[in-house]
Amino acid sequence: MISIETSAQANELAKRNLEINGFSSGERPIIRSDVFTYLRETDKLFNMIILDPPAFAKSKKDVARSARGYKDINLYAMRRLVEGGILATFSCSNHIEEVLFEKIVLSAVRDAGKTAQILGELGPGPDHPTNLAHQEGRYLKGLLLTISTS
């Protein structure tokens, strides 16, 4: 397991959490890097990748640019998975609706020359309830996929 994060503060917190849980950052490396760069440049293959980027679309005018970002990050991740690897991919952008997010991920699957099966659709946990009258609060969406070449 490795963690990729650009924030030094988040990496320090991750390191402390590893230690609290009996692990070391030597066993579980924490790398300060841009995940786009890391996934493009690494030769490593992974059994599972979890993509949980910050919100790419802060407003409606950001949707097209954000869609490209989500597609790229998913495409690079799919290329770094072993055959039958698991991809957990998320968007917390309120302006990227679930249907659009699925289309973006499907486009990345096709461009990667892969196939994907949905193992689960993911969303906020029970500690993050959504007020029925505030649908904008339903911004977290995710897919759990198995990725293969056939």
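The values are calculated or read from the model by the stated rules, or taken from the named source; none is laboratory data. Everything quoted here is computed from the prediction, not taken from an experiment. Cβ placement follows ideal geometry from the backbone for every residue including glycine, while neighbour counts extend to all protein chains displayed.
Taken together, 102, 83 contain a single residue that is within 15 Å of residue 147 (Cβ to Cβ), in contact (Cβ under 8 Å) with a residue 24 or more places away in the chain and surrounded by fewer than 12 Cβ atoms within 10 Å (Cβ to Cβ), which is 83. Taking the numbered list (1) part of a helix (DSSP H, G or I); (2) within 18 Å of the chain's Cα centre (by Cα); (3) surrounded by 14 or more Cβ atoms within 10 Å (Cβ to Cβ) in turn, residue 53 passes all entries but (1). When the range 26-58 is filtered for residues that are basic (Lys, Arg) and in contact with a Phe, Trp or Tyr (Cβ under 8 Å, 6 or more places away or on another chain), only 40 remains. Scanning the range 26-47 for residues that are among the aliphatic types (A, V, I, L, M) and surrounded by 13 or more Cβ atoms within 10 Å (Cβ to Cβ) yields 30, 31, 35, 39.
The residues of the range 105-122 that are surrounded by 14 or more Cβ atoms within 10 Å (Cβ to Cβ) and not hydrophobic (A, V, I, L, M, F, W, C), listed by number, are 107, 111, 114. Taken over the range 21-39, the criterion of being among the hydroxyl-bearing types (Ser, Thr, Tyr), part of a loop (DSSP other than H, G, I, E, B) and free of Cβ contacts under 8 Å to residues at least 12 places away in the same chain is satisfied by 24, 25.
For the range 1-20, taking the residues that are within 30 Å of residue 83 (Cβ to Cβ) and assigned to a loop (DSSP other than H, G, I, E, B), the one that is modelled with the lowest pLDDT is identified as 1.
All conditions in (1) more than 21 Å from residue 86 (Cα to Cα); (2) of a type outside the set (Lys, Arg); (3) touching an Asp or Glu at 6+ places or on another chain (Cβ under 9 Å) hold for residue 108, with the sole exception of (1). Looking at 116, 77, just one residue is in a helix (DSSP H, G or I) and closer than 19 Å to residue 47 by Cβ, and that residue is 77.
Between 112, 67, which is in contact with a Leu (Cβ under 8 Å, 6 or more places away or on another chain), within 25 Å of residue 7 (Cβ to Cβ) and not polar (S, T, N, Q)? One residue alone meets the criteria, 67.
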